[in-house]
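Engineer: Let me begin by handing over the structure; questions about it come next.
The values are calculated or read from the model by the stated rules, or taken from the named source; none is laboratory data. These numbers come from a predicted model, not from an experiment. Every residue, glycine among them, receives a Cβ derived from its backbone with ideal geometry; neighbour counts consider all protein chains shown.
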Amino acid sequence: MRISLSGKLALGLATVTVLTGASTFEAAAATSAAAVSTNADVVEAALVKAAKSGEAVDVPSLTDENSATVANPDGSLTATITSGVSHIKQGDKWVPIDTSLVSDGTVLKPVASRAKVEVSDGGDGPLAKIVDDNGRVFSVAWPTALPKPTVKENVATFANAAGPGADVVVTVLPTGFRHDVVLRAKPSEPLELRIPVQTQGVDLSESSDGRLLLTSTAGQVVASAAQPVMWDASGRGKPRGDAIKPIDTTVETQNGTKVLVLKPDAAFLSDPKRVYPVTVDPTITLPQVVTDTDVATSWASHPGDPMIIAGTMPWENGQGGDVMRSLVKFDTSKLKGSKVISAHLAMWNVETNACGIKVGSGLTAERITSGWDENDLNWDNKPTTTEAGSSTTQVGRGRTWTEPCAMGPGFLSWRVTDMAKAWASGSPHYGIQLRGANEKEATNWRAFAASENKEKGVKPPTLVVVYWR
């Protein structure tokens with residue numbers, strides 16, 4: 001099967017603001033000072049109200065896309081910080097992220113998303129398009145008119161758009177989108193996908209190690225993605241071991257348009273042991289946001305997954321196993337210079353190897369001490385950590401592979417007060433790592449909702465910090 005996609009470059013507008021003259025800088029400084037004074041007044045008013053009422057009071061001036069803060073009756077503040085964008089401002093109100101797709105003319109758009117995303121509602125035009133805050137445009141074209149998609153919440157499925165039994169699937173995320181080709185059955189001939197990428201203000205290229213790069217006109221890498229991969233359905237929601245395979249990928253220029261060329265391995269697709277459907281994932285998108293991911297001995301980070309896993313797990317084929325670690329990062333800049341009283345990490349546990357208060361050695365949370373890039377992360381370049389201030393939780397909830405747990409899905413919690421104190425005192429914030437407390441244990445794992453998981457009732461990775469100003 002050969003799919004050839006072509007299209008003209010999409011156009012986007014970029015706005016550049018230039019400040020000149022001493023008076024401009026003086027005005028900006030005065031405005032900044034006034035804003036700080038106003039924020040302090042709002043916080044103080046909330047603290048007074050909380051003390052009088054005996055109840056927590058919202059502090060609007062300390063609310064942003066990733067966090068909300070309340071004033072407590074005892075004079076402290078509690079910040080609830082999510083690893084990804086949890087709400088956005090619409091007009092003068094903050095509203096929860098809602099990536100559910102709704103019709104808007106000839107396209108589909110998310111109800112409330114950080115990114116400016118459009119998805120085809122069928123017909124001609126781009127399959128999916130995003131414009132970032134700097135006006136840079138990234139979109140994926142399609143060679144023929146697309147069928148009317150089947151829409152379920154934040155997922156649009158274009159049945160047979162990539163050929164008989166081959167669906168094109170677009171999933172809208174809080175800060176972008178991902179696009180896959182899902183093969184419901186084994187292809188009858190070798191498969192090649194040729195996908196034009198239409199851009200404005202960025203250029204698509206391939207690095208020497210197979211990663212995909214989006215580079216600005218100034219030569220700066222503004223987004224990247226791991227080498228495209230494909231996986232079958234045997235991994236129980238997470239591709240592992242011989243169920244996942246890198247894809248031979250090149251970037252060509254065709255009639256002035258960059259074309260992403262994917263050549264999935266025919267032997268992988270025709271293997272009698274292959275469990276269909278097989279997902280072919282070439283995703284790269286704007287903007288670049290480091291929030292949460294996982295990495296293991298047999299797989300590299302794959303941003304955009306709705307689930308991340310930590311612990312140890314044998315392969316389904318019995319021929320090996322994985323050691324897995326989850327990494328999460330939060331914006332803790334508002335804590336700098338504060339006095340931290342307590343802090344807890346909360347992860348929404350959806351699956352576990354067993355149910356109970358004490359399951360195996362549990363998972364340990366550790367402070368990460370070096371930088372990492374979720375789009376260029378594997379077992380060999382994973383970041384360093386420190387055991388100082390670490391804590392362990394042994395609870396397992398949600399469901400196993402065979403039955404639901406009595407407790408059902410919900411938060412697991414780790415005390416991370418010393419980590420938050422380190423960030424407040426000026427230590428770089430590289431995030432938190434979860435790993436099996438005993439990584440020699442054969443089976444001891446938990447699966448958590450990632451920030452991209454927008455299933456009803458599911459909560460993102462969350463950091464709750466109580467502090468004094």
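Engineer: I need the full set of residues from the stretch 51-75 which are within 30 Å of the chain's Cα centre (by Cα), outside any loop (DSSP other than H, G, I, E, B) and not hydrophobic (A, V, I, L, M, F, W, C), in order please. Even if it seems obvious, please write down each step before you answer.
Structural biologist: Residues of the stretch 51-75 that are within 30 Å of the chain's Cα centre (by Cα), as a first pass: 58-71.
Now narrow it down to the ones that are outside any loop (DSSP other than H, G, I, E, B): 58, 60-62, 64, 67-71.
Asp58, Pro60, Ser61, Asp64, Ser67, Thr69, listed by residue number.
Engineer: Quick one: in the stretch 30-88, of everything that is charged (D, E, K, R) and over 19 Å from Ala420 (Cβ atoms), which residue is modelled with the lowest pLDDT?
Structural biologist: Here is the first cut: in the stretch 30-88, the ones charged (D, E, K, R) are 41, 44, 49, 52, 55, 58, 64-65, 74.
The next check asks that each one be over 19 Å from Ala420 (Cβ atoms); those that pass are 41, 44, 49, 52, 55, 58, 65.
Numbers: Asp41: 85, Glu44: 92, Lys49: 96, Lys52: 95, Glu55: 96, Asp58: 93, Glu65: 90.
Applying the filter and picking the extreme gives Asp41.
Engineer: Separate question: With respect to Ala343, determine if the residue is in contact (Cβ under 8 Å) with a residue 40 or more places away in the chain and farther than 30 Å from Ala223 by Cβ. Give the steps one after another, and end with the answer.
Structural biologist: On the way: in contact (Cβ under 8 Å) with a residue 40 or more places away in the chain: yes; farther than 30 Å from Ala223 by Cβ: yes.
Yes, satisfied.
Engineer: Looking at the stretch 251-266, which of its residues are touching a Lys or Arg at 6+ places or on another chain (Cβ under 9 Å) and either among the aliphatic types (A, V, I, L, M) or within 18 Å of Ser207 (Cα to Cα) (or both)?
Structural biologist: Val251, Glu252, Val259, Leu260, Val261, Leu262
Engineer: Still on this structure: Consider only pairs whose beta carbons are under 6 Å apart and that are at least six residues apart or on different chains; among these, list those whose first residue lies in the stretch 219-247 and is touching a residue at least 60 places away in the same chain (Cβ under 8 Å) and whose second residue is surrounded by fewer than 16 Cβ atoms within 10 Å (Cβ to Cβ) and β-branched (Val, Ile, Thr).
Structural biologist: Ser234/Val275
Engineer: Out of Lys258, Lys245, report the one residue that is within 22 Å of the chain's Cα centre (by Cα) and in a strand (DSSP E or B). Even if it seems obvious, please write down each step before you answer.
Structural biologist: Details: Lys258 fails: within 22 Å of the chain's Cα centre (by Cα).
One residue alone meets the criteria, Lys245.
Engineer: Still on this model: Give me a count of the residues in the stretch 45-55 that are among the small types (Gly, Ala, Ser), touching a residue at least 12 places away in the same chain (Cβ under 8 Å) and surrounded by fewer than 16 Cβ atoms within 10 Å (Cβ to Cβ). Full working, then the answer.
Structural biologist: Applying the first criterion (among the small types (Gly, Ala, Ser)) to the stretch 45-55 yields 45-46, 50-51, 53-54.
Still in the running and touching a residue at least 12 places away in the same chain (Cβ under 8 Å): 46, 50-51, 53-54.
Of the ones still in play, those that are also surrounded by fewer than 16 Cβ atoms within 10 Å (Cβ to Cβ) are 51, 53-54.
Of the residues in that region, 3 qualify.
Engineer: Could you look through the stretch 429-462, keep only residues that are within 26 Å of Thr171 (Cα to Cα) and among the aliphatic types (A, V, I, L, M), and pick out the one that is surrounded by the fewest Cβ atoms within 10 Å (Cβ to Cβ)?
Structural biologist: So, considering only residues that are within 26 Å of Thr171 (Cα to Cα) and among the aliphatic types (A, V, I, L, M), the one surrounded by the fewest Cβ atoms within 10 Å (Cβ to Cβ) is Val458.
Engineer: If you scan the stretch 129-141, which residues turn out to be surrounded by fewer than 17 Cβ atoms within 10 Å (Cβ to Cβ) and at negative phi? Steps first, please.
Structural biologist: Of the residues in the stretch 129-141, the ones surrounded by fewer than 17 Cβ atoms within 10 Å (Cβ to Cβ) are 133-135.
Residues satisfying the conditions are Asp133, Asn134.
Engineer: Check the stretch 392-403 and report whether any residue there is in the same structural domain as Trp348 (by TED's automatic domain parsing), of a type outside the set (Asp, Glu) and at positive phi.
Structural biologist: In the first step, residues of the stretch 392-403 are kept if they are in the same structural domain as Trp348 (by TED's automatic domain parsing); the result is 392-403.
Imposing the further condition that a residue be of a type outside the set (Asp, Glu) reduces the set to 392-402.
With at positive phi added as a condition, the list becomes 398.
Yes, some residue in the stretch 392-403 is in the same structural domain as Trp348 (by TED's automatic domain parsing), of a type outside the set (Asp, Glu) and at positive phi.
Engineer: Any chance you could count how many residues in the stretch 412-426 are of a type outside the set (A, V, I, L, M, F, W, C) and without any contact (Cβ under 8 Å) to a residue 60 or more places away in the chain?
Structural biologist: Step one: list which residues in the stretch 412-426 are of a type outside the set (A, V, I, L, M, F, W, C), which gives 413, 415, 417-418, 421, 425-426.
When the remaining residues are screened for being without any contact (Cβ under 8 Å) to a residue 60 or more places away in the chain, the result is 418, 425.
Number satisfying all stated conditions: 2.
Engineer: So, of the residues in the stretch 108-131 that are part of a loop (DSSP other than H, G, I, E, B) and within 16 Å of Arg178 (Cβ to Cβ), which turns out to be modelled with the lowest pLDDT?
Structural biologist: Here is the first cut: in the stretch 108-131, the ones part of a loop (DSSP other than H, G, I, E, B) are 113-115, 121-122, 124-127.
Retained after the next criterion (residues that are within 16 Å of Arg178 (Cβ to Cβ)): 113-115, 126-127.
On the way: Ser113: 87, Arg114: 84, Ala115: 81, Pro126: 92, Leu127: 94.
Looking at residues that are part of a loop (DSSP other than H, G, I, E, B) and within 16 Å of Arg178 (Cβ to Cβ), I get Ala115.
Engineer: Taking the residues in the stretch 98-115 that are touching a Lys or Arg at 6+ places or on another chain (Cβ under 9 Å) and surrounded by fewer than 16 Cβ atoms within 10 Å (Cβ to Cβ) as candidates, determine which candidate is nearest to Ser86 (Cα to Cα). Can you show your working first?
Structural biologist: So in the stretch 98-115, the residues touching a Lys or Arg at 6+ places or on another chain (Cβ under 9 Å) come out as 98-103, 107, 109.
Next cut, surrounded by fewer than 16 Cβ atoms within 10 Å (Cβ to Cβ) only: 102-103.
Numbers: Val102: 19, Ser103: 23 Å.
Only one residue tops the list, namely Val102.
Engineer: Is it true that some residue in the stretch 346-360 is farther than 30 Å from Leu193 by Cβ, at pLDDT below 95 and assigned to a loop (DSSP other than H, G, I, E, B)?
Structural biologist: no
Engineer: With the structure loaded, tell me whether Ser205 is in the same structural domain as Asp132 (by TED's automatic domain parsing), part of a strand (DSSP E or B) and small (Gly, Ala, Ser) or whether it fails that test. First the steps, then the outcome.
Structural biologist: Values: in the same structural domain as Asp132 (by TED's automatic domain parsing): yes; part of a strand (DSSP E or B): yes; small (Gly, Ala, Ser): yes.
In short, yes.
Engineer: Follow-up. Scan the stretch 271-290 for residues that are in a strand (DSSP E or B) and either at pLDDT below 90 or polar (S, T, N, Q) (or both) and jot them down.
Structural biologist: Applying the first criterion (in a strand (DSSP E or B)) to the stretch 271-290 yields 278-281.
Within the stretch 271-290, Thr279, Asp281 qualify.
Engineer: Still on this model: Inspect all residues belonging to the stretch 322-344 and state whether any of them is of a type in the set (Asp, Glu) and part of a strand (DSSP E or B). Outline the logic, then answer.
Structural biologist: Our first condition is that a residue be of a type in the set (Asp, Glu); within the stretch 322-344, this holds for 322, 331.
Now restrict to residues that are part of a strand (DSSP E or B): 322.
Yes, the stretch 322-344 has at least one match.
Engineer: Identify, from the list Thr402, Thr352, Thr364, Thr392, the residue that is farther than 15 Å from Phe448 by Cβ, touching a strand residue (DSSP E or B) at 6+ places or on another chain (Cβ under 6 Å) and β-branched (Val, Ile, Thr).
Structural biologist: Details: Thr402 fails: touching a strand residue (DSSP E or B) at 6+ places or on another chain (Cβ under 6 Å); Thr352 fails: farther than 15 Å from Phe448 by Cβ; Thr364 fails: farther than 15 Å from Phe448 by Cβ.
Of Thr402, Thr352, Thr364, Thr392, the one residue that is farther than 15 Å from Phe448 by Cβ, touching a strand residue (DSSP E or B) at 6+ places or on another chain (Cβ under 6 Å) and β-branched (Val, Ile, Thr) is Thr392.
Engineer: Identify, from the list Thr150, Thr144, the residue that is assigned by TED's automatic domain parsing to the domain that holds Val222, over 26 Å from Ala223 (Cα atoms), within 26 Å of the chain's Cα centre (by Cα) and surrounded by fewer than 16 Cβ atoms within 10 Å (Cβ to Cβ).
Structural biologist: Working: Thr144 fails: within 26 Å of the chain's Cα centre (by Cα).
So the residue among Thr150, Thr144 that is assigned by TED's automatic domain parsing to the domain that holds Val222, over 26 Å from Ala223 (Cα atoms), within 26 Å of the chain's Cα centre (by Cα) and surrounded by fewer than 16 Cβ atoms within 10 Å (Cβ to Cβ) is Thr150.
Listed here are the residues, each with its yes/no results for (1) surrounded by fewer than 16 Cβ atoms within 10 Å (Cβ to Cβ); (2) under 19 Å from Gly235 (Cα atoms); (3) among the β-branched types (Val, Ile, Thr).
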position	(1), (2), (3)
Gly321	no, yes, no
Lys334	no, no, no
Gly337	yes, no, no
Arg397	no, no, no
Ala422	no, no, no
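Engineer: Here's another thing I want to ask about it. State whether one or more residues within the stretch 381-395 are of a type in the set (A, V, I, L, M), under 20 Å from the mean Cα position of the chain (by Cα) and buried (at least 16 other Cβ atoms within 10 Å of the Cβ).
Structural biologist: The answer is no; no qualifying residue exists.
Residue-wise test of (1) in a loop (DSSP other than H, G, I, E, B); (2) surrounded by 18 or more Cβ atoms within 10 Å (Cβ to Cβ); (3) of a type in the set (Ser, Thr, Tyr); (4) within 21 Å of the chain's Cα centre (by Cα).
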position	(1), (2), (3), (4)
Ala162	yes, yes, no, no
Val168	no, yes, no, yes
Thr171	no, yes, yes, yes
Phe177	no, yes, no, yes
Asp180	no, yes, no, yes
Lys186	yes, no, no, no
Gln198	no, yes, no, no
Asp209	yes, no, no, no
Leu213	no, yes, no, yes
